[in-house]
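Q: Mind having a look at this structure? Questions to follow.
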Amino acid sequence: MNPSLVTYGGSSNKKLIQFFVFLLLSFVIWSIQLLSEPSIRMVRFSYEVTGVPQGMYWSQENQDQLEVQVLSNGFSWLKLLLDRPTLKIDLSNAVEDQGIFFLEEQALLEQLNAKVSRNYTFEATLLGSGVKVKLFRQRLKKVPVQLSSMGNRPSHYVLFRPTISPDSVWISGPATAVDTLSYVRTSSVDLSVDKEDIEEVLSLDVPEGYGITADPQQVLFTGHWVKYAEHKIEVPIEVLGLPEGWTAKTFPNKVEVLFRAPIEQVKRPMSSDFKVFVLFEQAQAEKGKVLWALDLQVVNPAIERAYLSTQRVELIVQKP
């Protein structure tokens, strides 16, 4: 091996290493000088509000961050990026207009600079707009719950005694939004599922984006599918409310009642399952008419959807 080549190569590597060391030192010195100089940047901060008037609450429409111009040097920039504080904004002196609280830029910057570290300064907000916060007055109201369903079972089946528990819930939120609600719907339940008993925990479908909440947030829906049959039966007509000693007759004296009922519960319908009558007081109020309205009362609770084949009858009253 040629000794001159070895000596030349070792000297070349040493010079290359020295070059990179000087380059690195130059970069470090340049970085220190650069970081020591102040600069302005836009920084996003999370913020909280204080001084909120009693009965006013945070609106979900508000942005949860505030963009501010910050003046600082490089070393403080590093600390700020690693540990960015949450700003606290006092709305006690803000201008209020229909739930919108506006704090002008100068008042906002004075607040922020009075609380932050001396290593940096808040210079301006985005477009000099200060800060706007929307608050709302909370309204609490109890509304009924309505079932939202899809599908159904074959004909001759009925969902017997469906229940929603609880059947009403408390909703709270901005008064302008809560006042428009007269009920809340459940999430959809599939009624076409082939099973006799239904028991489903359902969430409530409250409007999104308005800060509305429901208490409780879920309800229990239960029901039992039963097979039913349609029937008809003649029931005698009674006249109620007659003065003592008076008598009355109706023509006809019986009326046909059409109804449906679960086969397993009503195997032999009887006329005593119903009560059909004419109120004498009502007949007196309709003086001059020939036909009087009938009322139907279902005595057997298992029977559903009963109605009269005839709605009016003739009434003849005899005084003593």
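The values are calculated or read from the model by the stated rules, or taken from the named source; none is laboratory data. Remember, predicted model here, so these are calculated numbers, not experimental data. Don't worry about glycine lacking a Cβ; one is built from the backbone with ideal geometry, like all the others, and counts go over all protein chains shown.
Q: Cβ contacts < 7 Å: first residue modelled with pLDDT of 85 or more, restricted to region 86-98; second residue charged (D, E, K, R), any location; separation 6+ or different chain. Result?
A: Thr86/Glu48; Lys88/Glu48; Lys88/Lys115
Q: Looking only at region 116-133, count how many residues are basic (Lys, Arg) and within 14 Å of Leu66 (Cβ to Cβ).
A: 1
Q: When you check Ser203 against the structure, is it of a type outside the set (A, V, I, L, M, F, W, C) and not assigned by TED's automatic domain parsing to the domain that holds Ile164, yes or no?
A: In short, no.
Q: Follow-up question, since we're still on this one. Out of Tyr57, Tyr47, I need the residue that is surrounded by 12 or more Cβ atoms within 10 Å (Cβ to Cβ), among the hydroxyl-bearing types (Ser, Thr, Tyr) and at pLDDT 85 or above. Which one?
A: Criteria check complete, one pass: Tyr47.
Q: Would you check if there is a residue in region 205-227 being farther than 30 Å from Ile171 by Cβ, without any contact (Cβ under 8 Å) to a residue 60 or more places away in the chain, part of a strand (DSSP E or B) and under 50 Å from the mean Cα position of the chain (by Cα)?
A: no
Q: Still on this structure, please answer the following. Restricting attention to region 263-274, does a residue exist that is modelled with pLDDT of 90 or more and assigned to a strand (DSSP E or B)?
A: yes
Q: Right, here's the next one. Any residue in region 47-59 that's polar (S, T, N, Q): show its pairings with residues that are part of a strand (DSSP E or B) at Cβ separation under 9 Å, as long as the two are six or more apart or on different chains.
A: Hits for this filter: Thr50/Lys88; Thr50/Ile89; Thr50/Asp90; Ser59/Val133; Ser59/Lys134; Ser59/Leu135; Ser59/Phe136; Ser59/Pro174.
Q: Restricting to region 299-320, and then to whatever is among the hydrophobic types (A, V, I, L, M, F, W, C) and in contact with a Ser or Thr (Cβ under 7 Å, 6 or more places away or on another chain), can you tell me which residue is modelled with the highest pLDDT?
A: Per the criteria, the residue is Val299.
Q: Something else about it: How many residues are modelled with pLDDT of 90 or more, among the acidic types (Asp, Glu) and under 24 Å from Ile316 (Cα atoms) when one looks only at region 207-251?
A: 2
Q: Six or more apart or on different chains, Cβ under 8 Å: which pairs go from a residue in region 154-179 that's surrounded by fewer than 15 Cβ atoms within 10 Å (Cβ to Cβ) to one that's assigned to a strand (DSSP E or B) and acidic (Asp, Glu)? Could you list them?
A: From residues that are surrounded by fewer than 15 Cβ atoms within 10 Å (Cβ to Cβ), the pairs are Trp170/Asp215.
Q: Which condition number does Val52 fail, the rest of (1) modelled with pLDDT under 80; (2) part of a loop (DSSP other than H, G, I, E, B); (3) aliphatic (A, V, I, L, M) being met?
A: So the condition that Val52 fails would be (1).
Q: Quick one: Val143 ticks every box in (1) β-branched (Val, Ile, Thr); (2) surrounded by 14 or more Cβ atoms within 10 Å (Cβ to Cβ); (3) closer than 21 Å to Ile198 by Cβ bar one, so which box is it?
A: Only one criterion is unmet by Val143, namely (3).
Q: I would also like to ask the following. Restricting attention to region 180-200, and to residues there that are over 30 Å from Ala229 (Cβ atoms) and exposed (fewer than 11 other Cβ atoms within 10 Å of the Cβ), which single residue is modelled with the highest pLDDT?
A: Ser182
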